[in-house]
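Take a look at the structure set out below.
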Protein chains: 2
Amino acid sequence: MYLVKVTVTYKESILDPKGEAINDALQRLGYRDVQSVELGKYFELRIAKSDRPIAEQVAEMCDRLLANVNMETYDYEITEMEAQS
Amino acid sequence: MYLVKVTVTYKESILDPKGEAINDALQRLGYRDVQSVELGKYFELRIAKSDRPIAEQVAEMCDRLLANVNMETYDYEITEMEAQS
(Lines give C-alpha, C1' and ligand atoms only; values in the text may rest on other atoms or scores of the structure.)
Protein backbone atom coordinates (compact mmCIF):
# COMPACT_ATOMS: atom_id res chain seq x y z
CA MET A 1 0.00 0.00 0.00
CA TYR A 2 1.19 3.50 -0.77
CA LEU A 3 0.43 6.71 1.06
CA VAL A 4 0.39 9.54 -1.48
CA LYS A 5 0.37 13.19 -0.41
CA VAL A 6 -0.59 15.65 -3.17
CA THR A 7 -0.44 19.43 -2.88
CA VAL A 8 -2.10 21.62 -5.50
CA THR A 9 -1.49 25.38 -5.68
CA TYR A 10 -2.19 28.17 -8.13
CA LYS A 11 0.38 28.94 -10.81
CA GLU A 12 2.42 32.10 -10.10
CA SER A 13 0.50 34.07 -12.75
CA ILE A 14 -2.88 33.37 -11.16
CA LEU A 15 -4.29 35.74 -8.51
CA ASP A 16 -5.00 34.15 -5.12
CA PRO A 17 -7.57 36.39 -3.37
CA LYS A 18 -8.22 33.79 -0.66
CA GLY A 19 -4.54 33.62 0.18
CA GLU A 20 -4.43 37.40 0.40
CA ALA A 21 -7.51 37.50 2.61
CA ILE A 22 -5.89 34.99 4.99
CA ASN A 23 -2.70 37.07 5.02
CA ASP A 24 -4.76 40.16 5.94
CA ALA A 25 -6.46 38.22 8.74
CA LEU A 26 -3.10 37.04 10.08
CA GLN A 27 -1.79 40.63 10.00
CA ARG A 28 -4.85 41.78 11.99
CA LEU A 29 -4.17 39.00 14.51
CA GLY A 30 -0.71 40.52 14.96
CA TYR A 31 1.44 38.22 12.81
CA ARG A 32 3.25 41.07 11.08
CA ASP A 33 6.15 38.89 9.92
CA VAL A 34 3.97 36.97 7.48
CA GLN A 35 5.02 38.08 4.01
CA SER A 36 2.70 35.98 1.86
CA VAL A 37 0.10 33.21 2.07
CA GLU A 38 -0.91 30.75 -0.64
CA LEU A 39 -3.99 28.60 -0.20
CA GLY A 40 -4.20 25.32 -2.05
CA LYS A 41 -5.67 21.83 -1.92
CA TYR A 42 -4.20 18.84 -0.12
CA PHE A 43 -5.05 15.22 -0.93
CA GLU A 44 -4.04 12.13 0.99
CA LEU A 45 -4.60 8.95 -1.00
CA ARG A 46 -4.05 5.34 -0.05
CA ILE A 47 -3.37 3.24 -3.14
CA ALA A 48 -2.90 -0.53 -3.28
CA LYS A 49 0.20 -1.85 -5.02
CA SER A 50 -0.27 -3.03 -8.57
CA ASP A 51 1.92 -3.74 -11.60
CA ARG A 52 1.49 -0.17 -12.84
CA PRO A 53 4.21 2.28 -11.66
CA ILE A 54 2.70 4.33 -8.82
CA ALA A 55 4.23 7.69 -9.81
CA GLU A 56 2.81 7.35 -13.30
CA GLN A 57 -0.68 6.68 -11.89
CA VAL A 58 -0.48 9.62 -9.47
CA ALA A 59 0.66 12.08 -12.15
CA GLU A 60 -2.22 10.90 -14.34
CA MET A 61 -4.76 11.33 -11.53
CA CYS A 62 -3.47 14.86 -10.95
CA ASP A 63 -3.59 15.76 -14.64
CA ARG A 64 -7.06 14.30 -15.14
CA LEU A 65 -8.87 15.15 -11.89
CA LEU A 66 -7.07 16.47 -8.81
CA ALA A 67 -5.60 19.61 -10.42
CA ASN A 68 -6.81 22.06 -13.04
CA VAL A 69 -3.56 22.11 -14.98
CA ASN A 70 -4.50 25.34 -16.76
CA MET A 71 -4.38 27.29 -13.50
CA GLU A 72 -2.73 25.00 -10.98
CA THR A 73 0.52 23.14 -10.39
CA TYR A 74 0.84 20.01 -8.28
CA ASP A 75 3.47 18.20 -6.29
CA TYR A 76 3.30 14.76 -4.68
CA GLU A 77 5.15 12.59 -2.23
CA ILE A 78 4.82 8.79 -2.29
CA THR A 79 5.69 6.62 0.69
CA GLU A 80 5.27 2.87 1.03
CA MET A 81 3.15 1.90 4.01
CA GLU A 82 4.08 -1.10 6.11
CA ALA A 83 1.83 -4.05 5.43
CA GLN A 84 -0.82 -4.25 8.17
CA SER A 85 -0.22 -7.58 10.06
CA MET B 1 12.88 34.07 5.79
CA TYR B 2 11.03 30.83 6.42
CA LEU B 3 8.93 28.81 4.03
CA VAL B 4 6.16 27.13 6.01
CA LYS B 5 4.00 24.37 4.53
CA VAL B 6 0.80 23.62 6.47
CA THR B 7 -1.58 20.76 5.75
CA VAL B 8 -5.00 20.65 7.39
CA THR B 9 -7.22 17.55 7.25
CA TYR B 10 -10.38 16.36 8.95
CA LYS B 11 -10.08 14.39 12.18
CA GLU B 12 -10.67 10.64 11.76
CA SER B 13 -14.12 10.89 13.38
CA ILE B 14 -15.34 13.47 10.87
CA LEU B 15 -17.03 12.37 7.63
CA ASP B 16 -15.31 13.55 4.43
CA PRO B 17 -17.96 13.44 1.67
CA LYS B 18 -15.76 15.41 -0.74
CA GLY B 19 -12.95 12.91 -0.31
CA GLU B 20 -15.39 10.08 -0.98
CA ALA B 21 -16.76 11.83 -4.06
CA ILE B 22 -13.22 12.20 -5.43
CA ASN B 23 -12.54 8.54 -4.72
CA ASP B 24 -15.71 7.59 -6.65
CA ALA B 25 -14.59 9.77 -9.57
CA LEU B 26 -11.13 8.15 -9.59
CA GLN B 27 -12.76 4.69 -9.56
CA ARG B 28 -14.90 5.67 -12.56
CA LEU B 29 -11.76 6.88 -14.35
CA GLY B 30 -10.37 3.37 -13.83
CA TYR B 31 -8.08 3.87 -10.85
CA ARG B 32 -9.38 0.80 -8.99
CA ASP B 33 -6.36 0.54 -6.69
CA VAL B 34 -7.27 3.74 -4.85
CA GLN B 35 -8.46 2.68 -1.42
CA SER B 36 -9.26 6.08 0.14
CA VAL B 37 -9.00 9.80 -0.52
CA GLU B 38 -8.89 12.62 2.00
CA LEU B 39 -9.29 16.20 0.89
CA GLY B 40 -7.79 18.96 2.99
CA LYS B 41 -6.33 22.45 2.85
CA TYR B 42 -2.76 23.36 2.03
CA PHE B 43 -1.12 26.66 2.99
CA GLU B 44 2.28 27.96 1.93
CA LEU B 45 3.44 30.88 4.04
CA ARG B 46 6.57 32.99 3.80
CA ILE B 47 7.44 34.45 7.20
CA ALA B 48 10.27 36.84 7.98
CA LYS B 49 12.64 35.92 10.81
CA SER B 50 11.99 37.55 14.13
CA ASP B 51 12.95 36.98 17.77
CA ARG B 52 9.82 34.84 18.32
CA PRO B 53 10.32 31.07 17.76
CA ILE B 54 8.86 30.27 14.35
CA ALA B 55 7.26 26.94 15.33
CA GLU B 56 5.43 28.62 18.17
CA GLN B 57 4.04 31.28 15.83
CA VAL B 58 2.96 28.71 13.23
CA ALA B 59 1.16 26.53 15.79
CA GLU B 60 -0.64 29.61 17.06
CA MET B 61 -1.69 30.67 13.55
CA CYS B 62 -3.06 27.16 12.95
CA ASP B 63 -4.95 27.09 16.25
CA ARG B 64 -6.38 30.57 15.80
CA LEU B 65 -7.11 30.77 12.06
CA LEU B 66 -5.83 28.19 9.58
CA ALA B 67 -7.52 25.14 11.13
CA ASN B 68 -10.83 24.54 12.87
CA VAL B 69 -9.37 22.56 15.73
CA ASN B 70 -12.76 21.10 16.67
CA MET B 71 -12.93 19.18 13.39
CA GLU B 72 -9.49 19.38 11.85
CA THR B 73 -5.91 18.43 12.61
CA TYR B 74 -2.87 20.19 11.15
CA ASP B 75 0.72 19.45 10.39
CA TYR B 76 3.49 21.80 9.27
CA GLU B 77 6.96 21.79 7.85
CA ILE B 78 9.32 24.74 8.30
CA THR B 79 12.33 25.33 6.08
CA GLU B 80 14.71 28.26 6.13
CA MET B 81 14.94 30.01 2.78
CA GLU B 82 18.28 31.25 1.49
CA ALA B 83 18.59 35.00 1.81
CA GLN B 84 17.84 36.60 -1.56
CA SER B 85 21.09 38.41 -2.73
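Quick notes on this structure:
- In sequence order, region A:51-56 has phi-based couplings of 6, 7, x, 5, 5, 5 Hz under the Karplus curve 6.51 cos²θ - 1.76 cosθ + 1.60, θ = phi - 60°, and Gly or Pro positions carry x.
- Projecting 7 Å from Cα along the Cα-to-Cβ direction, the label point of A:GLU72 sits 1.5 nm from its equivalents in the other copies, listed shortest first.
- Those trypsin sites (Lys or Arg not before Pro) in region B:16-85 that DSSP places in a loop and that have at most 14 other beta carbons within 10 Å: B:ARG32, B:LYS49
- Selected from B:PRO17, B:ILE47, B:CYS62, residue furthest toward positive end of dipole (chain B; charges at beta carbon): B:PRO17
- Label-point spacing for A:ASP24 across the identical copies (point 7 Å from Cα in the Cβ direction), in nm and ascending order: 3.6.
- Between B and A, accessible area buried - total, square angstrom, nearest 100, 1.4 angstrom probe: 3000 Å²
- Taking a straight line from the alpha carbon of A:LYS49, these aspartates and glutamates sit under 15 Å away, with near neighbours fewer than eight places off in the same chain left out: A:GLU80, A:GLU82, B:ASP33.
- Plainly put, the protein assembly as shown has a radius of gyration that is 1.00 times its Kirkwood radius, both from alpha-carbon atoms, as the Rg/Rh ratio.
- Ascending list, in nanometres, of distances separating the B:GLU56 label from those of the other copies (7 Å, Cα toward Cβ): 5.1
- Chain A: equivalent-ellipsoid semi-axes (sqrt of 5 x gyration tensor eigenvalues, Cα, Å): 33, 17, 8
- Virtual spin-label span in nm between A:LYS49 and A:ASP63, 7 Å along Cα→Cβ: 2.6 nm
- Distance from the axis that maps chain B onto chain A is least for the Cβ of the chain B residue given, with the whole Å value, as B:TYR42, 2.
- Treating r as the C-beta distance of B:MET1 and A:ILE14 and R0 as 22 Å, the FRET efficiency rounds to 0.45.
The values are calculated or read from the model by the stated rules, or taken from the named source; none is laboratory data. The shown structure was predicted, so the numbers you read here are calculated from the model rather than taken from an experiment. Note: ideal-geometry Cβ built from the backbone for every residue, glycine included; neighbour counts use all protein chains shown. Protein only, heavy atoms only, side chains kept; ligands, DNA and RNA dropped before computing areas. Shrake-Rupley method; radii C 1.70, N 1.55, O 1.52, S 1.80 Å.
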